[in-house]
Amino acid sequence: MSKRPVLIEKKGTIVFLILNRPKQSNLVDEELAWAIKDSCRFINEDSSIRVMILTGTETCFSTGRQTFPDSMPPYPDDWINKMQTAASIAKVNIPTIAAINGDALDHGLELALACDLRVADWNARLGFRDLSRGLFPWDGGTQRLSRIVGRSTALDLLLTSRILTAKKALAVGLINHVTRQGNALNYAVNLASSISELAPIAMRYTKEAIHRGLDMPLDQGLKLEADLSFLLHGTTDRSEGIDSFLTKRDPYFLGQ
Amino acid sequence: MIMDSFETLDFSVGDKVALIMLKRPEVRNAFNTTMRDDLFQVIETIKADYAITGSIIYGSGKDFCAGADLTEFGTAPSQSIARTIRWERDLWSLFLNNPKPMIAAVHGNCIGSGFEIALLCDVIIASYNARFSMPEARLGLIAAAGGTQTLPRSVGPSKAISIFSSPDSITSQQAHSMGIVSKVVSIKRLMDSARDQATYLSNLRPELIAACKFAVNRGCSLPLNQGLLAETRSALRLMKTQ
C-alpha cells in the first residue's frame, strides 16, 4: 500500500478520495489536510468527474483532532485555515458521498458532514468527543451539523459528546443510509453510478442552488435558482434530456 | 358557491374556502404556461377577495400533477425574454406571499413542478397512493419552481440532495416521516381531511396566519437574531389590532 496520505482513484466518471493513514486513524494533520485540499482542487478542475466518494482504507474512516501546536503560531488564524479541510470538501462542486467505512469522530465527522450524502457501515460510530476533551470543533462541525440534523440534536451531540451507532445516526438524519458490515463503499459506488447518469451541469447547479440558497433569504434563493435554470437553457444536455424523455429513450449526457 | 372555469383548472369557493382543481387529467395535470397564467389569476383573486379565508389545491383524475409539460420546452423566444417573463409573472412568489393558508391535497403522482407547487403551500395532506419525486436532473434541468429552495428548508440540505439525485420516488409515509407531508389519509378521506384543515384555519384570526406565514418563510433563512426581531415586530403589531 502506498504511503501517500490520500489516494485519488478515478474510475470512469467517479473519483475516489481515499484517506490512507489507517495506523494514525486518518487523523487530519497538516500533511493530510494539505493532501485533501490539493485533491479537491484537482477534482474541481477535472470536468469529466461527476461524483466524488470520500472514504478511508481498511476499516478506518477518520477520527481525532489535531490540537494546536505546542507553541502558539504567530498567526493562529493561518494555522486553522490551513487545517480546515472540510471547507475544501464542501467547495467541491459535484455531488459528494462519504462512504463511512469505520468510525467518523471529531474532525473526521466534520469531513463527512461536508459531503452531500453519507452512507455508513453498520459498525461505524459517529460523534464529536471534543467538548469532553476540552476542545472545540473548528471545521464546520457546529454549523453543518445543525443545518443537517436541526438545532436541538446538534446541541445534544456537541454538548454531551455522545457517540451514535450508525443506526441511531440514521434515525436522527445524520446519515442517509446504513449498510451491512463492510458494505458502505459498495453502496456508495452504486449510488454514485446512478447519480453519474444524471445531467452533470444540472446536478452541479442543483447542489449550488441548495447550499448557497440556504444562506440567503428565500426570495433571493428563488432568484438564484431561476438564474441557474436560465443558464442551463444554453446546454445541449437540456435538449438531450427533454428529447430523450419525449422519445422515451435513455438520455446520454455530455456535460455540455 | 361561485364557480369559474379556466382552460387548465376549475376554481370555486364554498364556505369561504377556495378550491383549485388542476384540470388536465389527460396529461396527468402537467403544468404548462396556460396553467401558470390561470393559477396567477386565481391566486390574485384569492388574495384580493376578503370573503375567501384559505384555499385547497388538488388534481383531477388519477394524479396531483406530473410535472412541467415538456412538449412546451424549447418554445421560449430566448433566454433573456424567458427571464423577463419569469419575473413579470412571478407565480411562485405569489404563492409564498399569499397571506391566506394554502393546502395541497395530493394523490397519485406528484412530480417535479407538481411537487414544487405542493411545497409552496403551507400544508400538504397526501393520500397513501401519492408518490413524490424530482426528476429534473435526469432531464438536464434544475427545479425552477422554488424546489431547490423550499425542499432543503423543510428537510435540510442532505435529504434534499438525496431526493434530487434519486431516480426513485418517495411514498407518502416517507414524505411524512421527513416532515414534508403533514398528514397521510386514505384517498376517500383526502378532500374531507383537507377541508377540515381549511375550516379549522378559517376560524383563526387571519392576521395571525398571515404573520405566522411571513415570520416562518422569512425567518427560516435569516440569522436567528433578525428572525427574532421580525417575530417581535409582528407580535407588537398584532397586540395593537387585538
Any hit, segment A:197-210, residues being surrounded by fewer than 23 Cβ atoms within 10 Å (Cβ to Cβ), outside the structural domain of A:Thr55 (by TED's automatic domain parsing), part of a helix (DSSP H, G or I) and not aliphatic (A, V, I, L, M): yes
Residue in segment A:148-164 that is assigned to a helix (DSSP H, G or I), in contact with a Gly (Cβ under 9 Å, 6 or more places away or on another chain) and touching a residue at least 40 places away in the same chain (Cβ under 8 Å) present: no
Lone unmet requirement of (1) closer than 19 Å to B:Thr148 by Cα; (2) not assigned by TED's automatic domain parsing to the domain that holds A:Ala120 for A:Ser239: (1)
Index of the failed condition, A:Ala99 passing every other in (1) more than 13 Å from the chain's Cα centre (by Cα); (2) part of a strand (DSSP E or B): (1)
From the options A:Ser239, A:Ser229, A:Ser193, residue that is assigned to a helix (DSSP H, G or I), among the hydroxyl-bearing types (Ser, Thr, Tyr), surrounded by fewer than 16 Cβ atoms within 10 Å (Cβ to Cβ) and facing another protein chain (nearest Cβ under 10 Å): A:Ser239
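Here is a list: A:Ile94, A:Ile43. Which entry is crowded, with 17+ Cβ neighbours inside 10 Å and assigned to a helix (DSSP H, G or I)?
On the way: A:Ile94 fails: assigned to a helix (DSSP H, G or I).
None of the other options fit; the residue is A:Ile43.
Run down B:Ser193, B:Ser172, B:Ser162 and say which single residue is in contact (Cβ under 8 Å) with a residue 40 or more places away in the chain and more than 13 Å from B:Ala118 (Cβ to Cβ). If you could, list the steps in order and put the result at the bottom.
Details: B:Ser172 fails: more than 13 Å from B:Ala118 (Cβ to Cβ); B:Ser162 fails: in contact (Cβ under 8 Å) with a residue 40 or more places away in the chain.
Answer to the selection: B:Ser193.
Do we have B:Leu190 as in a helix (DSSP H, G or I), modelled with pLDDT of 95 or more and surrounded by 18 or more Cβ atoms within 10 Å (Cβ to Cβ) here? Reasoning before the result, please.
Numbers: in a helix (DSSP H, G or I): yes; modelled with pLDDT of 95 or more: yes; surrounded by 18 or more Cβ atoms within 10 Å (Cβ to Cβ): yes.
Yes.
How many residues are more than 16 Å from the chain's Cα centre (by Cα), under 23 Å from A:Gly12 (Cα atoms) and either facing chain B (nearest Cβ under 7 Å) or at pLDDT below 95 (or both) when one looks only at segment A:198-226? Write out each step before concluding.
Initial filter on segment A:198-226 (more than 16 Å from the chain's Cα centre (by Cα)): A:198-202, A:205, A:209, A:213-226.
Now drop any that are not under 23 Å from A:Gly12 (Cα atoms), which leaves A:198-202, A:205.
From the residues that got through so far, the ones that are either facing chain B (nearest Cβ under 7 Å) or at pLDDT below 95 (or both) too are A:198-199, A:202, A:205.
Count: 4.
Just checking, which of B:Ser166, B:Ser221 is under 17 Å from B:Thr150 (Cβ atoms), within 13 Å of chain A (Cβ to nearest Cβ), of a type outside the set (A, V, I, L, M) and not in a helix (DSSP H, G or I)? If you could, list the steps in order and put the result at the bottom.
Values: B:Ser166 fails: under 17 Å from B:Thr150 (Cβ atoms).
Of B:Ser166, B:Ser221, the one residue that is under 17 Å from B:Thr150 (Cβ atoms), within 13 Å of chain A (Cβ to nearest Cβ), of a type outside the set (A, V, I, L, M) and not in a helix (DSSP H, G or I) is B:Ser221.
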Residue under evaluation A:Phe61, criteria (1) over 23 Å from A:Leu7 (Cα atoms); (2) of a type in the set (Phe, Trp, Tyr); (3) touching a Leu at 6+ places or on another chain (Cβ under 8 Å), criterion not met: (1)
Failed item, numbered, when A:Leu159 is tested on (1) surrounded by fewer than 15 Cβ atoms within 10 Å (Cβ to Cβ); (2) closer than 24 Å to A:Gly56 by Cα: (2)
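Tell me which strands (runs of 3 or more DSSP E) are completely within segment B:44-159 and hold 2 or more residues being more than 11 Å from every other protein chain (Cβ to nearest Cβ) and within 26 Å of B:Pro206 (Cα to Cα), or say none if there are none.
Values: elements: B:54-59, B:102-106, B:109-111, B:123-127, B:131-133.
It comes to B:54-59, B:102-106, B:123-127.
Look through A:Gly182, A:Gly173 and report the one residue that is part of a loop (DSSP other than H, G, I, E, B) and either under 16 Å from the mean Cα position of the chain (by Cα) or polar (S, T, N, Q) (or both). Spell out how you get there, then give the answer.
Numbers: A:Gly182 fails: either under 16 Å from the mean Cα position of the chain (by Cα) or polar (S, T, N, Q) (or both).
After ruling out the rest, the residue left standing is A:Gly173.
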Verdict on B:Thr84 being within 30 Å of A:Ser193 (Cα to Cα) and among the hydroxyl-bearing types (Ser, Thr, Tyr): no
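The values are calculated or read from the model by the stated rules, or taken from the named source; none is laboratory data. Owing to the predicted nature of the structure, the values given are computational and were not obtained by experimental measurement. Here the Cβ is made from the backbone with ideal geometry for all residues, glycine too, and neighbour counts use every protein chain on show.
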